[in-house]
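A short worksheet on the structure shown next.
The values are calculated or read from the model by the stated rules, or taken from the named source; none is laboratory data. As the structure is a prediction and not an experimental result, all values here were calculated from the model. So basically every Cβ, Gly included, is an ideal-geometry build from the backbone, and we count neighbours across all protein chains shown. Accessible surface areas use protein heavy atoms only, side chains included; no ligands, DNA or RNA. Shrake-Rupley method; radii C 1.70, N 1.55, O 1.52, S 1.80 Å.
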Amino acid sequence: MSLLADDQTRSAVRELVVSVQPHDPQEAADQAWILAWIDSGAQLWRVEKPATPPHHLVVYTILFDEPTRSIMIVYHLLAQAWLFPGGHSDDLENPRSTAWRELAEELQIQPPFHPVRGDDPIFLTVTQTRGPGTHTDVTMWFLFLADRDEAVVPDLGEFREVRWVPLDDRASWPEGVFDPALERFLDKLTILLDPEASMRGASHRGLRQPGRPG
């Protein structure tokens, strides 16, 4: 591994983290932890499955359909949970590139980034996974402008089901396990898309989120 390449990509990753305006104290704490981790010189990318090193970069790709205000969730076979498309960054891969690659590999689409954040992440989390091979996912959540009528070709080795769900109607979401940060993310997304939502007390509560599956 080139030290110059590592330094350049590490700097790019740091810039992505700094670009995020934290939504709440937990996201601010996660952002501070991530920056300290990056600055420590630790290996940022997974080099061996499932947990080497024990902390490594991951991305989520959030597909948002404007006309229907709906987002895509996928039932992940390994995790046995409803998650967003995404995956681990390869060694020295910029997380932006990871997001593009994962959408192409998992769904065979290449939508544009959403203009509300462009190609910067919308949300940051540091999450301990559960189950065998437990590790810590350091996740950047990227928002894309998608069209729910566009055909997708899901990777059936990864997903059992792909579903569009309404951002504003939690009752219509499927039962099951979700990412533990989902409620906080949905609150932030709602406010970013509609700043007046914060004054109306937008909140997304009541989904089962016992911990991110491994």
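Using beta carbons and a limit of 7 Å, which pairs, at least six apart or on different chains, have the first residue in the stretch 61-87 and surrounded by 20 or more Cβ atoms within 10 Å (Cβ to Cβ) and the second one of a type in the set (Ser, Thr, Tyr)?
Trp82/Tyr75; Phe84/Tyr60; Phe84/Thr61; Pro85/Thr61; Gly86/Tyr60; Gly86/Thr61
I'm told Thr134 meets every condition in (1) among the polar types (S, T, N, Q); (2) buried (at least 17 other Cβ atoms within 10 Å of the Cβ); (3) outside any strand (DSSP E or B) except one. Can you identify the failing condition by its number?
(2)
Go through the stretch 118-131 and count every residue that is modelled with pLDDT under 95 and buried (at least 17 other Cβ atoms within 10 Å of the Cβ).
Residues in the stretch 118-131 being modelled with pLDDT under 95 and buried (at least 17 other Cβ atoms within 10 Å of the Cβ): 1 in total.
Here's the yes/no breakdown for (1) more than 25 Å from Gly118 (Cβ to Cβ); (2) modelled with pLDDT of 95 or more; (3) not in a helix (DSSP H, G or I):
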| residue | (1), (2), (3) |
| --- | --- |
| Ala5 | no, no, no |
| Gln8 | no, no, no |
| Val13 | no, yes, no |
| Glu27 | no, yes, no |
| Ala36 | yes, yes, no |
| Leu44 | no, yes, yes |
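Please pick out the residue among Pro112, Pro54 that is in contact with a strand residue (DSSP E or B) (Cβ under 9 Å, 6 or more places away or on another chain), free of Cβ contacts under 8 Å to residues at least 60 places away in the same chain and surrounded by fewer than 18 Cβ atoms within 10 Å (Cβ to Cβ).
Answer to the check: Pro112.
Between a first residue in the stretch 1-14 that is more than 16 Å from Val47 (Cβ to Cβ) and a second residue that is open to solvent by less than 100 Å² (accessible area, probe 1.4 Å) and modelled with pLDDT of 90 or more, which pairs have beta carbons less than 8 Å apart while being 6 or more apart in sequence or on different chains?
Ala12/Asn94; Arg14/Leu35; Arg14/Ile38; Arg14/Asp39
Quick one: count up the residues across the stretch 137-157 that are open to solvent by 60 Å² or more (accessible area, probe 1.4 Å) and over 26 Å from Lys188 (Cβ atoms).
5
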